[in-house]
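The values are calculated or read from the model by the stated rules, or taken from the named source; none is laboratory data. Just so you know, these numbers come straight off a predicted model, no measurement behind them. Here the Cβ positions follow ideal geometry from the backbone for every residue, glycine too, while neighbour counts run over all protein chains shown. The area values use the complete protein model at the heavy-atom level, side chains included, leaving out ligands, DNA and RNA. Shrake-Rupley method; radii C 1.70, N 1.55, O 1.52, S 1.80 Å.
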Amino acid sequence: MSIYNKEKTEYFNKAMQSIWDVQTIKPDEIVLVQDGKLTDDLYSVIGEWKNKLADILKVIPLEQNV
């Protein structure tokens, strides 16, 4: 999935909960593309998910929004 600076943290959290918390069968990998620079709040919530999921969550940062 991708995320950009205008995304709301609540929506990102709901998406991640749907992918991870609610599923009976968990994915082996979740790829998150950071589409350009993000807000501090988004970086914070991504960090929380990264701590929770460790190597399951792969974060791919892009320098500019594309």
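Got at least one residue in segment 29-37 being in contact with a strand residue (DSSP E or B) (Cβ under 7 Å, 6 or more places away or on another chain) and at positive phi? Looking through segment 29-37, at least one residue is in contact with a strand residue (DSSP E or B) (Cβ under 7 Å, 6 or more places away or on another chain) and at positive phi.
Rundown of residues vs (1) among the small types (Gly, Ala, Ser); (2) open to solvent by less than 40 Å² (accessible area, probe 1.4 Å), yes/no style:
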{"site": "2", "(1), (2)": "yes, no"}
{"site": "10", "(1), (2)": "no, no"}
{"site": "20", "(1), (2)": "no, no"}
{"site": "32", "(1), (2)": "no, yes"}
{"site": "41", "(1), (2)": "no, no"}
{"site": "59", "(1), (2)": "no, no"}
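Rundown of residues vs (1) part of a strand (DSSP E or B); (2) of a type in the set (D, E, K, R); (3) modelled with pLDDT of 95 or more, yes/no style:
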{"residue": "13", "(1), (2), (3)": "no, no, yes"}
{"residue": "41", "(1), (2), (3)": "no, yes, yes"}
{"residue": "52", "(1), (2), (3)": "no, yes, yes"}
{"residue": "59", "(1), (2), (3)": "yes, no, yes"}
